[in-house]
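Enquirer: Handing you a structure now.
Laboratory data are not the source of any read-out in this text; all were calculated from the coordinates shown. The shown structure was predicted, so the numbers you read here are calculated from the model rather than taken from an experiment. Backbone-built Cβ (ideal geometry, glycine too); neighbour counts: all protein chains shown.
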């Protein structure tokens, strides 16, 4: 349902873009470019992250796509660095398109030059004075003066003011969800593909010597997964939840939310060796890019054996209904 | 000739402009998409307006689509084994992997006792009740909402699990009360009447009148779960059970709307000391009571606000923490989690929310904390300094050091509740302020540097000992903390306890001589975190509740430099405009202003000849 909502929102936004751009496209290249930038700004500051306006009782939240997709009740702001990078990309892209042909560039520059030179167009200052004799000319001239000598300086002044004025927002740190750490890429969960020796031991323990090989393997996997579920329930579910979606009882108080394993962006995109290492090292073992100071993930190598972690991994992927990424073959 | 007229004309005359339009006709497709999305939104909004989706009559309707066949039960069993057995156990005895560590424990389905029902006290629930609990979960416990959120079981799976769960009591019954196919008599839950102050006032009387509701005995006068009988009660399994704190919306296991509260009051919670008032109180009385209970609820702050604003004041800052002026200040809600990173880990915390406020004047910064705690614990038989973190407790109580397990079992914690441990709160700052989002590790530092701590101990303050308020430093949770030099101890404070709530004030000069202290000044943005120990919950050392990092901003009037920067911006912009206008009139780029009658961008770019 969340995915559906997000898609509906995105489609609605695309629709709004289409209507706006259609109207602006008619007015020429300059307005189409300005519209692109404006819509880009709207997307990255409102439509994607969502935004909260006002404070106290008069607070309203405009939802964003990310909030719908992540099922979050508060806005998920785009980090300032990413925000400005995207806007710079839009400006650069627009300039590339606009300068692709001479006439398009001319069409783009014309409104700007008209604005600077005044309503008389090619006739220069004297012509401007002559044109201002007519009523329409006066109105255009007034608008021009308002834009050039009032609105633009006011905007620049406000930017200068708000850059120096103390800001109440908390600093936003960009966080890499899967920072690079050293781990064994080739590591395979020994319980997922049990060796004949392991299977033989299991058969002996459980009194299953007569069971055919393929059935035995299945029995082995189910038994290990089930033991893993119990270990998961005890050690992981307080934060990651019995549903494996990161909404455990402790999650309410942790500002860096526990990982949602059912999300395609978490354990499903990782090879098991990486996930194993992350469980072993916990949050405090992360490099600075992973903002280790915010993560409540314990360093489990102090408290769980490798075998227990492998069982938990089996259960974790199974509960979330995803499978680990298979390590790529390298030359 | 004016600019506008020319522009309109040029746009319509240009073949290029026509191409633009042709291109933007793609938007017809977009428009239909937009219309579809709009329709979808309408449908979804319509769905949202239909009220409680788990209402009994509605569920009965839905249930018809999922008949209770043997196949369905078997399929429910498979889902149960994968998703439910980890807590409720393979045979439904409430003994899965997490069971010993949870409080309340996972439900034991073999006893035929179910808390959340539409039926009379002690009776079996309906299938719809089971489905509802599976779907919406039990707030404030480890039971997830399987029908909501990002990950869910399908409706079919949830009905199947409900059919399977009710059979876990066994198939052959001598006592017909336990026959799983028999449902209890349904207690009708009518539509709620209009609420209002009269109903709330009438409800308060029933709440406090021991002859009628008598709720106050367990839940306390203001519903903070601190009644006289709190702590002495057991459930039908012999487990210690505490009365609910009715002020916390996120701890209403059976729902916090007036109608849901009415249902809980009417049916009671089987297996617990919470009786059903369905036959003891009339319908009107129960509604009044429900509206009163609802009036106690505070909703948590959902804005995600992370910054506490310390207001600058010229008046004297109230030194009494129960002073009403403190409660007029805007508070920052700081939710608390269990300490789950180092042994002994624990998730059944005594304190799950602390409200923080702050004021400052020209010389001092003052923090104010308030939180609900069922008991005032001002004696301590644990280690005096609390260091090293887990050490010799009282000899007759399970020592936290002896708990050889990754988490503390709930039973061990209940035993420790009988002991004497003090209440305590610790405010944490980084030992050195860094730029950006960089901070030490959020629980007692270690990685990223040491932390600077303000600690309050209830027992020392109550007995008039020194250092009830103490400044310390620590560099990692399992490292021994250090105490700042005696000369540098400038922290002062005071606490009060009233009706299940602590209020605490901590004050320190903005600037100190201590080399290991941090210094505050107007405008500074300082990270802080909070740790709380509820002695009545057996908490001590690393058994505590903790928060993530938050920030406190010492509010300042807007400095003159900001106005200067604004003025400078205006002047620079004016000069720039003048320069541009001058250039634009001088360079005569006539070719730009000429009508590009024969040009067509699309043709030019693609190479096709249109003109």
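Enquirer: In degrees, nearest 10, range 0 to 90: what is the angle between the Cα axis of helix A:2-26 and the longest Cα principal axis of chain A?
Expert: 20 degrees
Enquirer: Taking all pairs of distinct Cα atoms, average 1/r, flip it, and tell me the Kirkwood hydrodynamic radius of the protein assembly as shown in Å to one decimal place.
Expert: 32.4 Å
Enquirer: Something else now. Per residue of B:100-113, what is the mean number of Cβ atoms on other protein chains within 10 angstrom of that residue's Cβ?
Expert: Across B:100-113, the average partner-chain Cβ count within 10 Å equals 1.
Enquirer: Still on this structure, please answer the following. To one decimal place, what orientation-averaged projected area in nm² is obtained for the convex hull of the Cα set of segment B:225-382?
Expert: That works out to 13.7 nm², a quarter of the Cα hull's surface.
Enquirer: Looking at segment B:266-308, I'd like the Rg to Rh ratio, where Rg is from alpha-carbon atoms and Rh is Kirkwood's inverse mean 1/r.
Expert: The Rg/Rh ratio comes out at 1.24.
Enquirer: Per residue and in Å³, how big is the convex hull formed by the alpha-carbon atoms of segment B:316-554?
Expert: Output value, Cα hull per residue: 119 Å³.
Enquirer: Rounded to the nearest angstrom and ordered from largest down, what semi-axes does the equivalent ellipsoid of segment A:263-331 get from its C-alpha gyration tensor (root of 5λ)?
Expert: 20, 16, 13
Enquirer: Hey, another quick one. Among B:267-277, A:234-244, how do they line up from the highest to the lowest mean number of other beta-carbon atoms within 10 Å?
Expert: A:234-244, B:267-277
Enquirer: Which of B:325, B:117 comes first, and how do the rest follow, when ranked by fewest Cβ neighbours within 10 Å?
Expert: Least to most surrounded, the residues fall as B:325, B:117.
Enquirer: Taking the convex hull of the Cα atoms, report for segment A:2-111 its projected area averaged over all directions, in nm².
Expert: The number I arrive at for segment A:2-111 is 8.4 nm².
Enquirer: If you count, for every residue in A:62-68, the Cβ atoms of partner chains within 10 Å of its Cβ, what is the mean?
Expert: Going residue by residue through A:62-68 and averaging, the value is 0.
Enquirer: As a test of the definition: which semi-axes, in Å, follow for segment B:287-353 when you take the square root of five times each eigenvalue of its alpha carbon gyration tensor? Largest first, please.
Expert: Semi-axes from the Cα gyration tensor: 27, 24, 13 Å.
Enquirer: From other protein chains only, count the Cβ atoms within 10 Å of every residue's Cβ in B:301-308, then give the mean.
Expert: Per-residue shielding by partner chains comes out at 5.
Enquirer: For segment A:163-244, take the convex hull of the Cα atoms, compute a quarter of its surface area, and give me that in nm², please.
Expert: Computed as one quarter of the Cα hull surface, the answer is 10.1 nm².
Enquirer: Now a separate question. Along each principal axis of its Cα atoms, how long is segment B:89-133 end to end? Whole angstroms, biggest number first, please.
Expert: 30, 20, 18
Enquirer: Follow-up. Over segment B:316-554, what is the mean sequence separation of C-alpha contacts under 8 Å (at least six apart), divided by residue count, expressed as relative contact order in percent?
Expert: The normalised contact order for segment B:316-554 reaches 27 percent.
Enquirer: Fewest to most neighbouring Cβ within 10 Å: what's the order for B:241, B:186, A:145?
Expert: So the ranking, lowest neighbour count to highest, is A:145, B:186, B:241.
Enquirer: Looking only at Cα atoms, what is the convex hull volume of segment B:197-296 per residue, in Å³?
Expert: 89 Å³
Enquirer: Divide the volume of the convex hull of the Cα atoms of chain A by its number of residues and quote the answer in cubic angstrom per residue.
Expert: 221 Å³
Enquirer: Mind putting together the pair-distance distribution for segment B:440-543? All Cα pairs, 10 Å bins, whole percent per bin, short to long.
Expert: 12, 42, 37, 9, 0
Enquirer: A follow-up question, please. How do B:84, A:17 rank when sorted from fewest to most other Cβ atoms within 10 Å of their own Cβ?
Expert: The most exposed by this proxy come first: A:17, B:84.
Enquirer: Tell me, what is the percent relative contact order of segment B:197-296, built from C-alpha pairs under 8 Å that lie six or more residues apart?
Expert: So the answer I get is 31 percent.
Enquirer: Rank-order B:340-353, A:267-280 by packing density, defined as the average count of other C-beta atoms within 10 Å over each peptide's residues, highest first.
Expert: B:340-353, A:267-280
Enquirer: To the nearest µm²/s, what D does Stokes-Einstein give for segment A:196-320 at 37 °C and 0.692 mPa s, using the Kirkwood radius over alpha carbon pairs as Rh?
Expert: Calculated translational D: 209 µm²/s.
Enquirer: Would you calculate, for chain A, the mean residue ellipticity at 222 nm contributed by helices, counting each DSSP H stretch of 4 or more residues as -39,500 (n - 2.57) and dividing by all residues, to the nearest 500?
Expert: Result for chain A, helices only: -17000 deg cm²/dmol.
Enquirer: Mind pulling up the Rg/Rh value for segment B:68-213? Radius of gyration and Kirkwood radius, both on Cα.
Expert: 1.04
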